[in-house]
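Any read-out appearing in this document is the output of simple, stated calculations on the displayed coordinates, not a laboratory observation. Note that this is a predicted model, so its numbers are computed, not measured. Every residue, glycine among them, receives a Cβ derived from its backbone with ideal geometry; neighbour counts consider all protein chains shown.
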Amino acid sequence: MQVVAALVGLVAFATVLGMLWRASQGRARIASGRIEGVALGNRATLLQLSTEVCAPCRATARVLHDVADAEVSHVEVDIADRPDLVSRFNVLQTPTTLILDRDGVVRSRIGGAVRREIVLRELERVA
Amino acid sequence: MTDTQSIDPRGPRVSAGITAVVVLVVIALALAGLFWPAVILFALQGVVFAVGAFAGVQRHPYGLVFRKLIRPRLKPPLELEDPKPPTFAQGVGLFVTVVGLGLSLIVPLALPIAAAAAFVAAFLNSVFDYCLGCQIYLLLVRIKAIRPA
């Protein structure tokens, strides 16, 4: 009986953990800073921080590539090449997407896999 | 990432589901006082992790279940995936299993604890599409344990 209770408790714990994680994914929050050394778009830049080992980065790259146009550029950076960005923005998950305005100033960041409508809303807000 | 190597992303999630059930049985055996059966089953799961980690996730034993029984009944996936993250995750699973088995010879409670850690990772991977391997890889890059070329 205690064994069953322990197993049920473990499954419940993992389920709550998963729901909390999922709720945190794709949320946008205000960020600040200035980025150098990245080709900027005329209106805004979607700077995606990825790693070599990152399954959700592919889906995010697809969404951001799709959102990008003549005015908004999508730049994907492997954080191994830009460790400065990792420490400066305290990147704890990949993908992390920074939304830069025309001057390269970071206005917003999205942790985890992005949702198209949130990216569009944030672009509308910052640029 | 080359297309010839890309995999159906649903494969690793099915494998993770099977893994979750197996380690749940390991925990049940350990908590029921059946220490050695639990050790043997966890060690077998460790062998499966090792095959996934070293032979590549494309040759994962549980992946066979997906390819032979499940995939033929599904529509093609929306997109294919790089096998690197799930392969790396198998290595993480192997590490947890080896450490858990080693410690359990000194402290038996280490066995269900390691199996519980493996369960949470496999369950989150399977049900929520959470990629623990990706997180650990990021952590290793951050502490510079990994220096990609």
Using alpha carbons only, how many degrees (0 to 90, rounded to 10) separate the axis of helix B:10-31 from the longest principal axis of chain B? 0 degrees
Sites residue B:59 and residue B:103, calculated FRET efficiency, Cβ-Cβ separation with R0 30 Å, nearest 0.05: 0.55
By Cβ neighbour count within 10 Å, fewest first, B:75, B:68, B:84 rank B:75, B:68, B:84
Kirkwood-based shape ratio for chain B, expressed as Rg/Rh from alpha carbons: 0.99
From DSSP H assignment alone, runs of 4+ in the protein assembly as shown each adding -39500 (n - 2.57), the sum over residues rounded to the nearest 500 puts [θ] at 222 nm at -18000 deg cm²/dmol
Suppose R0 equals 41 Å; then what is the FRET efficiency for residue A:19 and residue A:70 from their Cβ-Cβ distance, rounded to the nearest 0.05? 0.55
Projected-area mean, the protein assembly as shown, by convex hull of Cα positions, square nanometres: 16.2 nm²
Got a sec? Charge dipole of chain A, +1 on Cβ for Lys and Arg, -1 for Asp and Glu; which of A:93, A:42, A:53 is way out at the positive end? A:93
Could you let me know the centre-to-centre spacing of the stretch A:73-100 and the stretch B:97-112, using Cα atoms, in angstrom? 37 Å
Kindly provide the pair-distance distribution of the stretch B:60-99 built from C-alpha pairs, with 5 Å bins from 0 and whole-percent values in order of increasing distance. 6, 18, 18, 24, 17, 9, 5, 2
If r is the Cβ-Cβ distance from residue B:43 to residue B:139 and R0 is 30 Å, what FRET efficiency results, to the nearest 0.05? 0.65
Once fully extended, how much extra length lies between residue A:11 and residue A:38, figured as 0.36 nm per residue of separation less the alpha-carbon to alpha-carbon distance? 5.3 nm
What whole-number distance in Å separates the alpha-carbon centres of the stretch B:1-46 and the stretch A:1-62? 24 Å
Given charges at beta-carbon only (K, R positive; D, E negative), |dipole| of chain B in Debye: 160 debye
How far is helix A:55-67 tilted off the main Cα axis of chain A, in degrees rounded to 10, range 0 to 90? 40 degrees
Within the stretch B:12-46, whose backbone N sits under 20 Å from a point 7 Å along Cα→Cβ of residue B:68? B:12-22, B:44-46
The stretch B:122-133 - phi-based ³J(HN,Hα) in whole Hz, Karplus 6.51/-1.76/1.60, Gly and Pro as x: 5, 5, 4, 4, 6, 7, 10, 6, 7, 10, 5, x
Quote to one decimal, in nm, the extra length available between residue B:21 and residue B:79 on full extension: 0.36 nm per residue of separation minus the C-alpha distance between them. 18.2 nm
